[in-house]
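A short worksheet on the structure shown next.
Bear in mind these aren't lab numbers, they're just calculated from the coordinates by the rules spelled out. What you see is a predicted model; the values in this text were computed from it and never measured. With ideal geometry, Cβ positions are generated from the backbone for all residues, glycine too; neighbour counts draw on all protein chains shown.
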Amino acid sequence: MLKKAKEKLELGNYLHRVVEIREAILPFLPFQDQAFDAIIMNQVLHHLELDADGEHFPTIQKTVAEMYRVLKPGGVVIITNTVKDQFYGTWFCRLIPTVLERLVKRVPSKDVIIDILRNCDFDVETPLSYLGNDWFKDYSDTEGPLIESWRMRDSFFSLASAEEIRTCIERVQTMQANGTLKSFYEEHDGTSSIGTFSFFVALKK
């Protein structure tokens, strides 16, 4: 991941502006108190609770507490993450229900994320949802799940076993053959109504 980050910074000619790239294993942040003015966390929350039960999120709580610690007073944290109902509204997640159920246990609902932030003494702004699916190239390509490079664009498929991927491919091929693939997409795509991910902005008092 760090290698990819450096490659993207070099590609955009931003590497010379970066003071340091440091690896950290969440929930702990290897920085002194009140070190930063701002923290941005993008699509990380659902990777933290590996043994989640869907109700308790201790690693996320500790991570948010650490972010509060390393922020300066008046500092801001911006979290973007797909929340539970938005995973259900992502059409290709419905192709592998077993993976979807494991995944949604890892991520809190929008209200729980707000509660976690407030319990760590953050002031929380009203969250916003990003409507649409243009974040994912060829999202609406209903034959995309048949192609490995397409599946690699979203971490959802990385949670699937080889058998689950095979079952997914067979399911898509069956719907493709009987002409129901498009209707499956239309029935399960909710990105234009409930959004693809949510923005949370919180201020340290």
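Against the list (1) surrounded by 15 or more Cβ atoms within 10 Å (Cβ to Cβ); (2) touching a Phe, Trp or Tyr at 6+ places or on another chain (Cβ under 8 Å); (3) without any contact (Cβ under 8 Å) to a residue 60 or more places away in the chain, the condition PHE92 fails is (3). Would you pick out the residues in the range 44-87 that are basic (Lys, Arg) and in contact with a helix residue (DSSP H, G or I) (Cβ under 8 Å, 6 or more places away or on another chain)? Within the range 44-87, just LYS84 meets the criteria.
Would you be able to say whether some residue in the range 137-149 is touching a residue at least 60 places away in the same chain (Cβ under 8 Å) and either in contact with a Phe, Trp or Tyr (Cβ under 8 Å, 6 or more places away or on another chain) or not acidic (Asp, Glu) (or both)? No, because not a single residue in the range 137-149 is touching a residue at least 60 places away in the same chain (Cβ under 8 Å) and either in contact with a Phe, Trp or Tyr (Cβ under 8 Å, 6 or more places away or on another chain) or not acidic (Asp, Glu) (or both).
Among the residues of the range 128-182, those identified as assigned to a helix (DSSP H, G or I) and among the acidic types (Asp, Glu) are GLU148, GLU163, GLU164, GLU170. Within the range 159-182, the set of residues being among the polar types (S, T, N, Q) and either in contact with a strand residue (DSSP E or B) (Cβ under 8 Å, 6 or more places away or on another chain) or exposed (fewer than 11 other Cβ atoms within 10 Å of the Cβ) (or both) comprises ASN178 only.
The one condition from (1) surrounded by 14 or more Cβ atoms within 10 Å (Cβ to Cβ); (2) more than 24 Å from PHE199 (Cβ to Cβ); (3) over 16 Å from the mean Cα position of the chain (by Cα) that GLY75 does not meet is (2).
Among the numbered conditions (1) out of contact with any Phe, Trp or Tyr (no Cβ under 6 Å at 6 or more places or on another chain); (2) within 20 Å of ASN81 (Cα to Cα); (3) in contact (Cβ under 8 Å) with a residue 40 or more places away in the chain; (4) not aliphatic (A, V, I, L, M), the only one that HIS188 does not meet is (1).
Within the option set ASP53, ASP85, being more than 28 Å from LYS205 (Cβ to Cβ) and in a loop (DSSP other than H, G, I, E, B) holds for one residue only, ASP53. Note on the range 66-101: residues that are more than 19 Å from GLY190 (Cα to Cα), among the β-branched types (Val, Ile, Thr) and out of contact with any strand residue (DSSP E or B) (no Cβ under 9 Å at 6 or more places or on another chain) amount to 1. Scanning the range 26-43 for residues that are part of a loop (DSSP other than H, G, I, E, B) and under 13 Å from PHE200 (Cα atoms) returns a single hit, GLN43. Exactly one residue out of TRP135, TRP150 is of a type outside the set (A, V, I, L, M), within 28 Å of LEU50 (Cα to Cα), crowded, with 18+ Cβ neighbours inside 10 Å and under 19 Å from the mean Cα position of the chain (by Cα): that is TRP150.
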